[in-house]
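Q: First the structure, then my questions, so here it is.
The values are calculated or read from the model by the stated rules, or taken from the named source; none is laboratory data. In this text the structure is predicted, and so the values were computed from the model without any measurement. Positions of Cβ are backbone-derived with ideal geometry, glycine not excepted, and every protein chain shown enters the neighbour counts.
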Amino acid sequence: MKNSKSSSLLRLLRFSFQLSAFSFLLATSSQAATAIWDGAAGAPGNWNADNWSGGGGTGGAPVANDILQFSGNGGTAGPTTVNNFTAATQFGSGTGNAILFTNNGTGGVTNTAFSLSGNSITLGGNIVATSSTAAIQDTIANDLLIGASREVTAAGNHTIALTGNITINGPNNTSLTVNNAAALSGAGGAINLNSTNASIIYNNNTDNASLTLSRAINANSGAHLYKMRAQKRIA
C-alpha cells in the first residue's frame, strides 16, 4: 500500500514537472520578436518581408504582436513606410513597446524622420522615441486602436506626431498618455474615447509646451482629455 502511494506521488510530481516545463517553453516561444525596418526592398515602402529583419515571420518580417523598430535613414526604401498588413493587426504584446523609433543620428547616420501610414494598428504596447542628436519628428498617420492603457514617450530632441484617428475601446479607465505636445497638436483624425472614463493625458511635466487641438473629439460619458501639470482638463 505504501509503495502504491509513493508511486502515485512520484507520477504526480513527474507530471507537474513536465507541465511546468511545457508551460515555460510555450511562454518562451510566444515572446514577441523585434522587427527592424531596413528598407532593403526599395520603394514603395510596404511592410513586406524584404524591408525588415529580425521579425518572427518569413525573411525577418514582423508578425502580429512583434515590436516594430525604425532606425537609421530607412535604407533603399527610405523613411516613408506603408502598413499593408490586415487592418487592426496588433503589434507589441503586453506592457512593453509596440513601436520604437531609434533614428537618433548616432553612428554617422543622418537624422531622418520616419512617416508611417496605411492600415490601422492595434497598439499592444507603447510608442517610444529615443533621444536624438538633433531635432526630429516622426509621424504616425495610421489609425490607432487602443484596448489597454498605453504611453507615447519621446526623449530629448525627438517628437512623435499622431495624425490618424485615435480610438480607445478598452475597459473602464483606459488611457493614452503622451509626453510631447506634438503628439496631439494641430490637425489630425478624430479622438474617439469610447470607454467609460477613458482619457488621453498630456503629461506636460516633460516639455511644458502648449497644446492646441484642432480635431474632432467624440467622448463617452466620463471620458476626457487631461493636462497633468495643472490638473486641468484640455477638453
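Q: Being in the same structural domain as Gly74 (by TED's automatic domain parsing), touching a helix residue (DSSP H, G or I) at 6+ places or on another chain (Cβ under 8 Å) and either closer than 21 Å to Ile67 by Cα or assigned to a strand (DSSP E or B) (or both) narrows it down to one of Thr122, Thr177, Thr133, Thr159, so name that one. Quick ask: steps written out before the conclusion?
A: Values: Thr122 fails: touching a helix residue (DSSP H, G or I) at 6+ places or on another chain (Cβ under 8 Å); Thr177 fails: touching a helix residue (DSSP H, G or I) at 6+ places or on another chain (Cβ under 8 Å); Thr133 fails: either closer than 21 Å to Ile67 by Cα or assigned to a strand (DSSP E or B) (or both).
The conditions single out Thr159.
Q: Further question on the same structure: Do the conditions hold for Thr196, that is, is it out of contact with any strand residue (DSSP E or B) (no Cβ under 9 Å at 6 or more places or on another chain), at pLDDT 75 or above and either farther than 20 Å from Gly124 by Cβ or not β-branched (Val, Ile, Thr) (or both)? Write out each step before concluding.
A: Details: out of contact with any strand residue (DSSP E or B) (no Cβ under 9 Å at 6 or more places or on another chain): yes; at pLDDT 75 or above: yes; either farther than 20 Å from Gly124 by Cβ or not β-branched (Val, Ile, Thr) (or both): yes.
Yes; evaluated as a whole, the condition is true for this residue.
Q: Regarding Ala88, is this residue out of contact with any Leu (no Cβ under 8 Å at 6 or more places or on another chain) and surrounded by fewer than 16 Cβ atoms within 10 Å (Cβ to Cβ)?
A: Working: out of contact with any Leu (no Cβ under 8 Å at 6 or more places or on another chain): no; surrounded by fewer than 16 Cβ atoms within 10 Å (Cβ to Cβ): yes.
Considered against the rule, which asks whether it is out of contact with any Leu (no Cβ under 8 Å at 6 or more places or on another chain) and surrounded by fewer than 16 Cβ atoms within 10 Å (Cβ to Cβ), Ala88 comes out as no.
Q: Consider Pro62 carefully, then state whether it is within 22 Å of Gly42 (Cα to Cα), modelled with pLDDT of 95 or more and assigned by TED's automatic domain parsing to the domain that holds Ile140.
A: Numbers: within 22 Å of Gly42 (Cα to Cα): yes; modelled with pLDDT of 95 or more: yes; assigned by TED's automatic domain parsing to the domain that holds Ile140: yes.
Considered against the rule, which asks whether it is within 22 Å of Gly42 (Cα to Cα), modelled with pLDDT of 95 or more and assigned by TED's automatic domain parsing to the domain that holds Ile140, Pro62 comes out as yes.
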